[in-house]
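Q: The structure that follows is given in the form of C-alpha cells.
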Amino acid sequence: MADVPENAPEHCPGTSSDKAGKSAPCQGCPNQQLCASGATKAPDPAIAEIGEKLSVVKHKILVLSGKGGVGKSTFSAHLAHALASDSSKEVALLDVDICGPSIPRIMGLEGEQVHQSGSGWSPVYVEDNLAVMSIGFLLSSPDDAVIWRGPKKNGMIKQFLRDVDWGELDYLIIDTPPGTSDEHLSIVQYLSSTNVDGAVIITTPQEVSLQDVRKEIRFCQKVKLPIIGVVENMSSFVCPKCKNTSQIFPPTSGGAEKMCAVLSLPLLGKVPLDPRIGRSCDEGNSFLKDFPDSPAAVVYHRIVQCIQDYCSNRATDVQNAT
C-alpha cells in the first residue's frame, strides 16, 4: 500500500487505517506510538506540493494496462511523439515503471543522465518541446535491476512528481507498470489534487489480456479515475505486399470491441501489428515519423485526435463548472 512506512513490519495495516498502531502486527514497530496517536492520518503534505508543482500542466494522462507486454510503453511513446509533432505544444513523458523502465530505450535516450538544478531535476529532452524522465536515467547500466519494496518505489514516484522541473506543459503522459499495485495507488493519491484528465487503457485481443484489463477498469472506477478509452494493440496483421488482413491473435471472446460495448467504454482504436513498430522502438526512433502512411500510423493518429478532443472537452466542462 502507498501508506506503509519503509521500516514497517510485515502485515502493516497502513498508516491511514483505523487499526494503525493498534493491531497485532503493530507491536514493536518504531512507528506504533505515532500511528496510534492519529497524526499519520493527516493528508500527506506532498499531495499539496505536487498539486502546486503540476498546476502549470494543462492535461495529465495516465497510460495503464492490466498485463505486461501489451504495448503500453510503446503507446505512451507514440502518444508523446504525436502530441509533440505540434511545435506549439509542450509535452512531457514520465516513466513510473520503476522495475522495468523501457522508455529511455524506446525514446532513443539510453545513456542519458539527469542533472540537478536549483529548481529540481532537469528532464532529458528528445526535442525542444518533448521532455522525458525515467528511473532508467539514474541507473549506471540499462541491465541494472531495481530491487525495491513498495515504500521505496512510492518514494521515487513522489520525488518524480514533486521534484522534476517540467516547466509549463500542455500534456504530461505518465507511463505506469502493469497491474493495480502500490505504484498505481501512489500515483492516484499523489495526483488527487491535480485534476487528472483520465487514463488510457491498453490491451490485446486475447481473453487472457482482457481479463486483466477488466480488473484495471474496476480499479479506475474504485479510485474515481476517469477512463478516456481503451486501445487494442496487435489487433490484426496487414500484409505489406498483398494488404490482406490476418488475425494473429484471434479475439476469442470478441476482443476489446465487445468488452467496451458491454462496459459502455469508448474504444479509441485497434492498432494493427507492424514489425516496424518493434524495430523503431529498439532503435529509439519515432515510428510515426518514419512510416507516417502505414496502417498502424493512420490508426495512431486517429486515437491521438480522440484523446486531444477528450482533453479539450473536459477542460471546457471544468471551466464551465467553475
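Q: Mind giving me the nanometre distance, one decimal, between the label points for residue 181 and residue 321, set 7 Å out from Cα along Cα→Cβ?
A: 3.2 nm
Q: Positive end of the charge dipole of region 1-145 (Lys, Arg +1 and Asp, Glu -1 on Cβ, about the Cα centre): tell me which of 131, 94, 59 has its Cα farthest that way.
A: Working it through, the farthest residue towards the positive pole turns out to be 59.
Q: Compute the acute angle (0 to 90°) between the alpha-carbon long axis of helix 150-163 and the principal axis of greatest extent of the alpha-carbon atoms of the chain; round to the nearest 10°.
A: It works out to around 70 degrees.
Q: Pop a pseudo-label 7 angstrom from the Cα along the beta-carbon direction at both residue 257 and residue 10 and give the gap in nm to one decimal.
A: Between residue 257 and residue 10, the simple spin-label model gives 4.9 nm.
Q: Between their Cα atoms, which of 153/224; 72/152; 89/289; 60/158; 158/215; 222/289 are more than 27 Å away from each other?
A: Distance filter (> 27 Å) returns 222/289.
Q: With θ set to phi - 60°, apply the Karplus curve 6.51 cos²θ - 1.76 cosθ + 1.60 along region 200-212 and write out the HN-Hα couplings as whole Hz, x wherever there is a Gly or Pro.
A: 9, 9, 9, 9, 10, x, 5, 4, 4, 7, 4, 4, 6
Q: Heavy-atom accessible area per residue, region 40-138, 1.4 Å probe: how many Å²?
A: 39 Å²
Q: Same structure, new question: Report, to the nearest whole %, how much of the accessible area of the chain belongs to carbon and sulfur atoms, 1.4 Å probe, protein only.
A: Here carbon and sulfur together make up 50 percent of the probe-accessible area.
Q: Specify whether the C-alpha gyration tensor of region 59-144 places it in the rounded, prolate or oblate class, a ≥ b ≥ c being the square roots of the eigenvalues: rounded for a/c under 1.5, otherwise prolate if a/b is larger than b/c and oblate if not.
A: It is oblate, given that a/c is not under 1.5 and a/b is not larger than b/c.
Q: Taking the solvent-accessible surface of protein heavy atoms with a 1.4 Å probe, what is the per residue accessible area of region 203-317 in Å²?
A: Using a 1.4 Å probe on heavy atoms only, each residue of region 203-317 averages 52 Å².
Q: Oh, and also: Let me have the 222 nm mean residue ellipticity of the chain computed from DSSP H runs of 4+ only, each contributing -39500 (n - 2.57), with the sum over all residues rounded to the nearest 500.
A: Value at 222 nm, helices only, nearest 500: -11000 deg cm²/dmol.
Q: Quote the charge dipole size of region 1-136 about the Cα centre in Debye, to the nearest 20; the model charges only the Cβ of Lys and Arg (+1) and of Asp and Glu (-1).
A: With only Lys, Arg, Asp and Glu charged at Cβ, the dipole is about 420 debye.
Q: If you don't mind, another one. How much length is gained if the chain between residue 140 and residue 88 is pulled fully straight, taking 0.36 nm per residue apart and subtracting their Cα-Cα distance, in nm to one decimal?
A: 15.3 nm
Q: So what's region 173-282 giving for Cα Rg divided by 2.2 N^0.38 Å, two decimals?
A: 1.19
Q: Could I ask something else about it? Label region 118-172 by shape, choosing from rounded, prolate and oblate, from the square roots a ≥ b ≥ c of the eigenvalues of the Cα gyration tensor; if a/c is under 1.5 it is rounded, and otherwise prolate applies when a/b is larger than b/c, oblate when it is not.
A: oblate
Q: Something else now. Could you work out how much longer the chain between residue 115 and residue 23 gets when fully extended? Use 0.36 nm per residue separation minus the Cα distance between them, nm to one decimal.
A: Extending this stretch completely gives an extra 28.8 nm.
Q: Work out from phi, with θ = phi - 60° and the Karplus expression 6.51 cos²θ - 1.76 cosθ + 1.60, the ³J(HN,Hα) of each residue of region 169-175, listed in order in whole Hz, and give x for Gly and Pro.
A: Per-residue couplings from phi come out as 10, 8, 9, 10, 9, 10, 8 Hz.
Q: Could you pull out the trypsin sites (Lys or Arg not before Pro) across region 183-278 that fall in loop regions by DSSP (anything but H, G, I, E, B) with no more than 14 other Cβ atoms inside 10 Å?
A: 224, 241, 243
Q: For the chain, what does the alpha-carbon gyration tensor say about shape, rounded, prolate or oblate, given a ≥ b ≥ c as the root eigenvalues, a/c under 1.5 as rounded, and a/b over b/c as prolate?
A: Judged from the Cα gyration tensor, the chain comes out prolate (a/c at least 1.5, a/b above b/c).
Q: Got a sec? Which residues in region 180-197 would a label at residue 148 touch, if it sits 7 Å along Cα→Cβ and we count backbone N under 18 Å?
A: Under 18 Å, as judged by backbone N against the label point of residue 148, lie 180-191 of region 180-197.
The values are calculated or read from the model by the stated rules, or taken from the named source; none is laboratory data. Being a predicted model, the structure only gives us computed values, none of them experimental. So basically every Cβ, Gly included, is an ideal-geometry build from the backbone, and we count neighbours across all protein chains shown. Calculation scope for accessible area: heavy atoms of the full protein, side chains included, ligands and nucleic acids excluded. Shrake-Rupley method; radii C 1.70, N 1.55, O 1.52, S 1.80 Å.
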